[in-house]
Amino acid sequence: MDIDSLILGFDRALRTIVGQPQTTGRNNPATDANPSDLSEAEANISAGLMRVNHSGEVCAQALYQGQALTARNKKIKAALEHAADEENDHLEWCEQRVRELGSHTSYLNPLLYAGSFALGAASGLVGDRWSLGFLAETERQVGRHLDSHLQQIPGHDDQSRAVLIQMQEDEARHATTAVEHGAVELPEPIRQAMTLSAKVMTTLTRII
(Lines give C-alpha, C1' and ligand atoms only; values in the text may rest on other atoms or scores of the structure.)
Protein backbone atom coordinates (compact mmCIF):
# COMPACT_ATOMS: atom_id res chain seq x y z
CA MET A 1 0.00 0.00 0.00
CA ASP A 2 1.64 3.26 -1.12
CA ILE A 3 1.00 6.92 -0.33
CA ASP A 4 -0.69 7.52 -3.70
CA SER A 5 -3.26 4.82 -2.95
CA LEU A 6 -3.98 6.38 0.43
CA ILE A 7 -4.43 9.84 -1.09
CA LEU A 8 -6.73 8.50 -3.81
CA GLY A 9 -8.68 6.59 -1.19
CA PHE A 10 -9.10 9.71 0.94
CA ASP A 11 -10.28 11.65 -2.11
CA ARG A 12 -12.84 8.97 -2.93
CA ALA A 13 -14.09 9.00 0.65
CA LEU A 14 -14.65 12.76 0.60
CA ARG A 15 -16.42 12.60 -2.74
CA THR A 16 -18.66 9.79 -1.51
CA ILE A 17 -19.66 11.57 1.69
CA VAL A 18 -20.11 15.12 0.35
CA GLY A 19 -21.92 13.96 -2.77
CA GLN A 20 -19.46 14.61 -5.61
CA PRO A 21 -18.48 11.09 -6.70
CA GLN A 22 -16.55 10.32 -9.87
CA THR A 23 -19.06 8.48 -12.03
CA THR A 24 -18.79 6.43 -15.23
CA GLY A 25 -20.90 9.04 -17.02
CA ARG A 26 -23.82 6.70 -17.65
CA ASN A 27 -27.18 8.30 -18.28
CA ASN A 28 -29.43 8.58 -15.22
CA PRO A 29 -32.26 6.05 -15.85
CA ALA A 30 -34.77 8.51 -14.39
CA THR A 31 -34.11 10.91 -17.28
CA ASP A 32 -36.05 8.80 -19.77
CA ALA A 33 -38.87 7.90 -17.37
CA ASN A 34 -42.24 9.61 -17.26
CA PRO A 35 -42.29 12.58 -14.84
CA SER A 36 -43.90 11.64 -11.54
CA ASP A 37 -46.83 13.69 -10.25
CA LEU A 38 -46.79 12.60 -6.62
CA SER A 39 -48.82 13.72 -3.65
CA GLU A 40 -46.91 14.93 -0.60
CA ALA A 41 -47.47 11.61 1.14
CA GLU A 42 -46.28 9.64 -1.90
CA ALA A 43 -43.22 11.86 -2.29
CA ASN A 44 -42.34 11.26 1.36
CA ILE A 45 -42.54 7.49 0.85
CA SER A 46 -40.34 7.61 -2.23
CA ALA A 47 -37.87 9.99 -0.59
CA GLY A 48 -37.49 7.75 2.44
CA LEU A 49 -36.84 4.70 0.29
CA MET A 50 -34.38 6.51 -1.98
CA ARG A 51 -32.58 7.89 1.08
CA VAL A 52 -32.14 4.31 2.31
CA ASN A 53 -30.81 3.29 -1.10
CA HIS A 54 -28.41 6.24 -1.15
CA SER A 55 -27.03 5.21 2.25
CA GLY A 56 -26.75 1.65 1.03
CA GLU A 57 -24.62 2.90 -1.85
CA VAL A 58 -22.45 4.86 0.57
CA CYS A 59 -21.86 1.60 2.46
CA ALA A 60 -21.19 -0.33 -0.75
CA GLN A 61 -18.77 2.31 -1.98
CA ALA A 62 -16.90 2.24 1.33
CA LEU A 63 -16.80 -1.56 1.32
CA TYR A 64 -15.36 -1.65 -2.20
CA GLN A 65 -12.81 1.04 -1.42
CA GLY A 66 -11.65 -0.71 1.74
CA GLN A 67 -11.35 -4.02 -0.09
CA ALA A 68 -9.52 -2.53 -3.07
CA LEU A 69 -7.05 -0.87 -0.70
CA THR A 70 -6.03 -4.20 0.86
CA ALA A 71 -6.60 -6.57 -2.10
CA ARG A 72 -3.54 -8.64 -3.05
CA ASN A 73 -4.55 -9.83 -6.51
CA LYS A 74 -4.32 -7.15 -9.21
CA LYS A 75 -7.21 -8.56 -11.26
CA ILE A 76 -9.44 -8.62 -8.19
CA LYS A 77 -8.37 -5.10 -7.30
CA ALA A 78 -9.27 -3.91 -10.81
CA ALA A 79 -12.67 -5.65 -10.63
CA LEU A 80 -13.38 -4.03 -7.27
CA GLU A 81 -12.45 -0.59 -8.56
CA HIS A 82 -14.68 -1.01 -11.63
CA ALA A 83 -17.60 -2.06 -9.46
CA ALA A 84 -16.94 0.93 -7.19
CA ASP A 85 -17.18 3.24 -10.20
CA GLU A 86 -20.61 1.82 -11.04
CA GLU A 87 -21.68 2.19 -7.41
CA ASN A 88 -20.80 5.87 -7.78
CA ASP A 89 -23.37 6.08 -10.55
CA HIS A 90 -25.96 4.69 -8.14
CA LEU A 91 -24.85 7.13 -5.49
CA GLU A 92 -25.37 10.10 -7.79
CA TRP A 93 -28.70 8.85 -9.16
CA CYS A 94 -30.13 8.24 -5.69
CA GLU A 95 -29.01 11.62 -4.39
CA GLN A 96 -30.50 13.40 -7.40
CA ARG A 97 -33.81 11.63 -6.88
CA VAL A 98 -33.87 12.38 -3.15
CA ARG A 99 -33.30 16.07 -3.89
CA GLU A 100 -35.98 16.09 -6.61
CA LEU A 101 -38.41 14.71 -4.05
CA GLY A 102 -37.63 17.64 -1.76
CA SER A 103 -35.73 15.70 0.87
CA HIS A 104 -32.18 15.10 2.10
CA THR A 105 -29.69 12.25 2.26
CA SER A 106 -29.05 10.57 5.61
CA TYR A 107 -27.13 12.44 8.29
CA LEU A 108 -25.66 9.08 9.33
CA ASN A 109 -23.69 8.59 6.11
CA PRO A 110 -20.24 9.53 7.52
CA LEU A 111 -20.62 6.93 10.28
CA LEU A 112 -21.91 4.33 7.85
CA TYR A 113 -19.01 5.00 5.51
CA ALA A 114 -16.42 4.59 8.29
CA GLY A 115 -17.87 1.31 9.49
CA SER A 116 -18.20 -0.18 6.01
CA PHE A 117 -14.70 0.93 5.00
CA ALA A 118 -13.24 -0.75 8.09
CA LEU A 119 -15.14 -3.96 7.30
CA GLY A 120 -13.94 -3.91 3.70
CA ALA A 121 -10.31 -3.31 4.64
CA ALA A 122 -10.43 -6.02 7.32
CA SER A 123 -11.96 -8.58 4.95
CA GLY A 124 -9.29 -7.74 2.39
CA LEU A 125 -6.55 -8.34 4.93
CA VAL A 126 -8.01 -11.76 5.77
CA GLY A 127 -7.76 -12.73 2.10
CA ASP A 128 -9.12 -11.89 -1.33
CA ARG A 129 -11.57 -14.81 -1.44
CA TRP A 130 -13.10 -13.76 1.89
CA SER A 131 -13.21 -10.17 0.73
CA LEU A 132 -15.11 -11.26 -2.37
CA GLY A 133 -17.39 -13.38 -0.21
CA PHE A 134 -18.43 -10.30 1.77
CA LEU A 135 -18.92 -8.43 -1.50
CA ALA A 136 -21.10 -11.14 -3.04
CA GLU A 137 -23.28 -11.47 0.06
CA THR A 138 -23.62 -7.70 0.35
CA GLU A 139 -24.80 -7.46 -3.25
CA ARG A 140 -27.29 -10.30 -2.76
CA GLN A 141 -28.76 -8.55 0.27
CA VAL A 142 -28.90 -5.24 -1.58
CA GLY A 143 -30.76 -7.00 -4.38
CA ARG A 144 -33.36 -8.27 -1.90
CA HIS A 145 -33.77 -4.78 -0.46
CA LEU A 146 -34.30 -3.40 -3.96
CA ASP A 147 -36.96 -6.04 -4.59
CA SER A 148 -38.75 -4.87 -1.46
CA HIS A 149 -38.45 -1.21 -2.40
CA LEU A 150 -39.83 -1.82 -5.87
CA GLN A 151 -42.92 -3.21 -4.15
CA GLN A 152 -43.21 -0.17 -1.87
CA ILE A 153 -42.51 2.68 -4.31
CA PRO A 154 -45.76 4.45 -5.33
CA GLY A 155 -47.03 2.82 -8.51
CA HIS A 156 -46.68 5.89 -10.72
CA ASP A 157 -43.23 6.96 -9.48
CA ASP A 158 -41.61 5.85 -12.73
CA GLN A 159 -38.45 7.89 -12.15
CA SER A 160 -37.52 6.23 -8.85
CA ARG A 161 -38.52 2.83 -10.25
CA ALA A 162 -36.22 3.24 -13.27
CA VAL A 163 -33.25 3.99 -11.01
CA LEU A 164 -33.95 0.99 -8.78
CA ILE A 165 -34.29 -1.41 -11.72
CA GLN A 166 -30.93 -0.36 -13.18
CA MET A 167 -29.30 -0.62 -9.76
CA GLN A 168 -30.74 -4.11 -9.34
CA GLU A 169 -29.20 -5.23 -12.64
CA ASP A 170 -25.80 -3.82 -11.68
CA GLU A 171 -25.81 -5.35 -8.19
CA ALA A 172 -26.64 -8.79 -9.58
CA ARG A 173 -23.74 -8.49 -12.01
CA HIS A 174 -21.35 -7.43 -9.22
CA ALA A 175 -22.33 -10.46 -7.14
CA THR A 176 -21.76 -12.74 -10.13
CA THR A 177 -18.36 -11.15 -10.78
CA ALA A 178 -17.33 -11.74 -7.17
CA VAL A 179 -18.28 -15.42 -7.40
CA GLU A 180 -16.43 -15.81 -10.70
CA HIS A 181 -13.30 -14.39 -9.08
CA GLY A 182 -13.40 -17.00 -6.30
CA ALA A 183 -15.64 -15.66 -3.54
CA VAL A 184 -16.13 -18.03 -0.61
CA GLU A 185 -19.60 -18.71 0.78
CA LEU A 186 -19.83 -16.93 4.12
CA PRO A 187 -20.86 -18.92 7.20
CA GLU A 188 -24.52 -18.57 8.19
CA PRO A 189 -23.81 -16.61 11.43
CA ILE A 190 -21.94 -13.95 9.44
CA ARG A 191 -24.74 -13.70 6.87
CA GLN A 192 -27.29 -13.34 9.67
CA ALA A 193 -25.20 -10.61 11.34
CA MET A 194 -25.01 -8.75 8.03
CA THR A 195 -28.78 -9.03 7.61
CA LEU A 196 -29.36 -7.67 11.11
CA SER A 197 -26.96 -4.77 10.51
CA ALA A 198 -28.71 -3.97 7.23
CA LYS A 199 -32.10 -3.89 8.98
CA VAL A 200 -30.80 -1.43 11.56
CA MET A 201 -29.26 0.74 8.83
CA THR A 202 -32.40 0.80 6.68
CA THR A 203 -34.64 1.58 9.62
CA LEU A 204 -32.54 4.51 10.80
CA THR A 205 -31.67 6.06 7.44
CA ARG A 206 -35.28 6.02 6.28
CA ILE A 207 -36.05 8.68 8.89
CA ILE A 208 -32.70 10.33 9.70
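The values are calculated or read from the model by the stated rules, or taken from the named source; none is laboratory data. Keep in mind that what you see is a predicted model, and the values were worked out from it rather than measured. Cβ sites come from the backbone with ideal geometry, for glycine too, and all protein chains shown count toward neighbours. In case anyone asks, the SASA skips ligands and DNA or RNA and just uses the protein heavy atoms, side chains included. Shrake-Rupley method; radii C 1.70, N 1.55, O 1.52, S 1.80 Å.
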Practice task
Using just the helices of the chain, give the 222 nm mean residue ellipticity in deg cm²/dmol: DSSP H runs with n ≥ 4 each add -39,500 (n - 2.57), and the total is spread over all residues, rounded to 500.
Solution key: -26500 deg cm²/dmol
Exercise for the section: Give me the net charge of His174's neighbourhood, meaning all other residues with Cβ under 9 Å from the Cβ of His174; Lys, Arg count +1, Asp, Glu -1. Expected result: -4
Exercise for the section: From the P(r) of the chain, can you give the percent of Cα pairs sitting at distances over 29 Å? Expected result: 20 percent
Fill in the blank from the handout: If one compares the long axis through the Cα atoms of helix 74-100 with the longest principal axis of the Cα atoms of the chain, the angle in degrees, nearest 10, works out at 20 degrees
Fill in the blank from the handout: The FRET efficiency for Arg129 and Lys74, from their Cβ-Cβ distance with R0 = 22 Å and rounded to 0.05, is 0.90
Fill in the blank from the handout: Projected convex hull area of the stretch 113-208, Cα atoms, direction-averaged, in nm², equals 6.7 nm²
Problem - With DNA, RNA and ligands ignored, accessible area of Ser131 (1.4 Å probe; Å², nearest 10) - result: 0 Å²
